[in-house]
Amino acid sequence: MSEAKQQPKALRPKMDGYGVPQSSEGMLPWEWARDRFSRSHNYLLITVRPDGAPHAMPVWGVWLEDAWYFSTGSTSRKSRNLERNAKCVVCTENAEEAVIVEGTAHRLKDVDIPQRAFTDYKAKYDWELDPKLGPVWKVSPSVVFAMPEKQFPKGVTKWVFELQGSSK
Amino acid sequence: MPTKPKKAAQKSGATSSSVAQPRASRPVVPRSYRFPASLKGMLDWSWARERLAKSYNYVIVTVRPDGRPHAMGMHGLWFEDAYYFGTSPHTRKAKNLARNPHCIVISEDMSELIIVEGIAETIGYDALPKGLSDLSKSKYGWPIDPRMGGQVYRVKPKVVFAFPLKQIATAVTKWTFD
């Protein structure tokens with residue numbers, strides 16, 4: 001696996017009353033979250049409807065370097081939501097080692113889809129990532145939370161990413 | 001954006017066990033999935049209810065005032081077709097819900113995923129349904145205790161989706177509550 005271009009800054013999330021320590025002792029390395037996020041077979045994609053109500057649906061996707069890629073039909077609820085409001089949350093499937101990614105989605109032109117998104121998707125799901133069936137979106141993380149049940153509360157960690165280039 | 005529905009909290013109480021069964025239908029899915037059009041295999045509401053009650057951890061999704069979604073893991077109770085949880089009024093989710101009560105509750109087992117879209121309302125300790133505190137004690141080891149200082153919320157479902165991954169094509173089901 002190629003390395004992320006940048007290491008995000010690790011912090012403690014604000015969680016009063018749960019005994020999350022002030023010190024950084026026990027905080028997880030970014031690789032812990034990245035690896036679990038990459039390995040998740042199913043993801044939950046959370047978007048917001050124009051009327052302000054949230055929407056959640058299971059989807060497939062692949063993590064490459066420093067962003068997550070998925071595809072959805074252009075008329076789907078999530079697609080219509082993201083056209084209006086690109087902010088979204090992506091959760092992994094294993095609640096015991098939950099990784100929550102808050103980020104911004106961008107719809108990619110076909111030429112901008114990295115080749116590895118196709119090959120990794122095919123290898124992971126035995127299914128073609130096909131922009132003709134639904135545009136491919138890239139979700140760039142802004143904040144990532146790890147909530148490891150077994151290492152709770154010492155392992156609870158939040159990573160903050162610098163804004164990368166232009167963000168809508 | 002809708003404002004807080006505090007008033008509805010008062011109308012709770014003993015009648016809540018007579019909740020009507022929700023209407024079952026199919027969610028809209030892309031044709032490329034090749035799911036059958038027939039309704040055969042759709043799940044009974046009790047399938048979802050049992051799993052919602054059994055889930056130990058849940059994810060709650062709310063929306064921040066600036067429109068960004070927020071998701072957090074938490075404990076809670078599914079009781080008489082509603083979801084109950086407690087949180088301090090200073091948490092992100094409490095602040096979000098005070099502005100926008102629309103939220104989503106998700107069960108923990110992704111292989112039998114259940115997504116509940118609903119509306120959250122605060123509910124006074126004296127208005128909690130009978131049996132809820134005992135259920136909390138048996139599930140998590142402590143009763144619902146006002147001295148712990150949090151606020152209790154009830155999420156009433158509007159739409160519920162079930163995605164049982166092993167029989168997804170025939171069993172995927174959407175329930176709508178009136």
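Look at B:ASP44, B:ASP66 and count the other Cβ atoms within 10 Å of each Cβ; fewest to most, that gives B:ASP66, B:ASP44.
Cα centroids of segment B:94-113 and segment A:53-126: 19 Å apart. Projected onto its three principal axes, the C-alpha set of the protein assembly as shown covers 60, 57, 35 Å, listed from the longest axis down. Modelled spin-label separation between B:GLN21 and B:ASP178, with each label point placed 7 Å from Cα along the Cα-to-Cβ direction: 1.4 nm. Extension gain for the segment B:ARG147 to B:ARG31, taken as residue separation times 0.36 nm less the Cα-Cα distance, is 36.5 nm to one decimal.
Dividing the summed helix terms, -39500 (n - 2.57) for each DSSP H run of n ≥ 4, by the number of residues in chain B produces a 222 nm estimate of -4500 deg cm²/dmol to the nearest 500. Straight-line cross-link partners of B:LYS130 among the aspartates and glutamates, defined as a Cα under 17 Å from its Cα and at least 8 positions apart when in the same chain: B:GLU80, B:ASP81, B:ASP145.
Report, to one decimal in Å, the Kirkwood hydrodynamic radius for chain B based on all distinct Cα pairs. Mind dumping the intermediate values first?
Numbers: mean 1/r = 0.0586 Å⁻¹.
In chain B this quantity evaluates to 17.1 Å.
Sorted ascending by nearby beta carbons within 10 Å, beginning with the fewest, A:LEU82, B:LEU135 become B:LEU135, A:LEU82. Size estimate for segment A:9-159 follows the Kirkwood approach: the inverse of mean 1/r over distinct Cα pairs works out to 16.2 Å. Computed from the C-beta positions of B:GLN167 and A:VAL111, the FRET efficiency with R₀ = 41 Å rounds to 0.60. Ellipticity at 222 nm from helices only: DSSP H runs of n ≥ 4 in chain A, each -39500 (n - 2.57), divided by the residue count, give -5000 deg cm²/dmol.
Label-to-label distance, A:HIS41 versus B:LYS54, with points set 7 angstrom from Cα along the beta-carbon direction: 1.8 nm. Here are some pairs, A:LYS87/B:LYS174; B:LYS93/B:LYS174; A:LYS124/B:LYS139; B:LYS93/B:LYS139; B:LYS95/B:LYS166; which of them have Cα atoms lying more than 32 Å apart in this structure? Violating the 32 Å limit, Cα to Cα: A:LYS124/B:LYS139; B:LYS95/B:LYS166. Each of B:ARG99 and B:ALA127 was given a label point 7 Å from its Cα along the Cα-to-Cβ line. The distance between the two points is 2.4 nm.
Any read-out appearing in this document is the output of simple, stated calculations on the displayed coordinates, not a laboratory observation. Keep in mind that what you see is a predicted model, and the values were worked out from it rather than measured. No Cβ is skipped: glycine too gets one built from the backbone with ideal geometry, and neighbour counts run over all protein chains shown.
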